[in-house]
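The values are calculated or read from the model by the stated rules, or taken from the named source; none is laboratory data. Quick caveat: nothing in here was measured; it's all calculated off a predicted structure. Cβ: placed from backbone, ideal geometry, glycine included. Neighbour counts: every protein chain shown.
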C-alpha cells in the first residue's frame, strides 16, 4: 500500500513541460497556472555558458514577467561572485551555490519567495540538475533547450547524453501551452 503523500502527489501529476526557449513561454501561461514565482536557471537558460550578460530576449521576458507580478529568483550552482552581477543586471533576487539536483538550494529560494510551493515554477535547460531538483521539491518544472551547447564543459555534455532518454520523453509529451506540440 502506497503512503498517502505519494498518492496525493500522483494526483497532482507534476509533469514537466517542454518549451523551445524561455521566450516561448507566454506570461499568460504562468498566470493560468497561478504561478507567482519562477526559480530560473542561469547558464544556458538565460545566457550562454561563459557570457557575462543575459540574452537580450530573456531580459525582455524577465521584465515582462516581473511587470505581471511574477517574482523571479535566479538559481545557480555557481558561486555568489558569478551569480550576483547577473542578478543585479536583471533586478532579481538569487540563490547561489544551489548544489542542484539537491533540493537545498531550491529550498533557500522557496523561503525567499514567501509564496506557496504550488505557485512556484522552475525553468531550466538540464534534466539532471534543474528538473530533477524541482521534482525532489515537488515543484512544477519547465524544460527548455539550451541556448548554446558549444561552450559547455565535458561533464555537462556527459550528463546531457546520460539523461537524453528522459529529456526526449519530455520533449515528446503533449504540451497544450505550446504551439506545434505533439498530440497524443
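A few notes on this one:
- When restricted to residues that are over 22 Å from residue 107 (Cα atoms) and in contact with a strand residue (DSSP E or B) (Cβ under 7 Å, 6 or more places away or on another chain), region 30-57 contains 4.
- Residue within region 155-169 that is touching a residue at least 12 places away in the same chain (Cβ under 8 Å), more than 17 Å from residue 40 (Cβ to Cβ), in contact with a strand residue (DSSP E or B) (Cβ under 7 Å, 6 or more places away or on another chain) and surrounded by 12 or more Cβ atoms within 10 Å (Cβ to Cβ) present: yes
- Considering residues of region 97-128 that are under 22 Å from residue 20 (Cβ atoms) and touching a residue at least 60 places away in the same chain (Cβ under 8 Å) only, the residue nearest to the chain's Cα centre (by Cα): 123
- Residue, surrounded by the fewest Cβ atoms within 10 Å (Cβ to Cβ), within region 47-65, restricted to residues that are in a loop (DSSP other than H, G, I, E, B) and without any contact (Cβ under 8 Å) to a residue 60 or more places away in the chain: 52
- Residue in region 169-181 that is modelled with pLDDT of 80 or more, outside any loop (DSSP other than H, G, I, E, B) and more than 15 Å from residue 125 (Cα to Cα) present: yes
- Qualifying residue in region 136-152 (condition: assigned to a helix (DSSP H, G or I) and either at negative phi or at pLDDT below 80 (or both)): yes
- Among the candidates 86, 131, residue that is without any contact (Cβ under 8 Å) to a residue 60 or more places away in the chain, assigned to a helix (DSSP H, G or I) and crowded, with 20+ Cβ neighbours inside 10 Å: 86
- The condition of being at pLDDT 95 or above, in contact with a helix residue (DSSP H, G or I) (Cβ under 6 Å, 6 or more places away or on another chain) and farther than 18 Å from residue 98 by Cβ holds for only one of 73, 62, that being 62.
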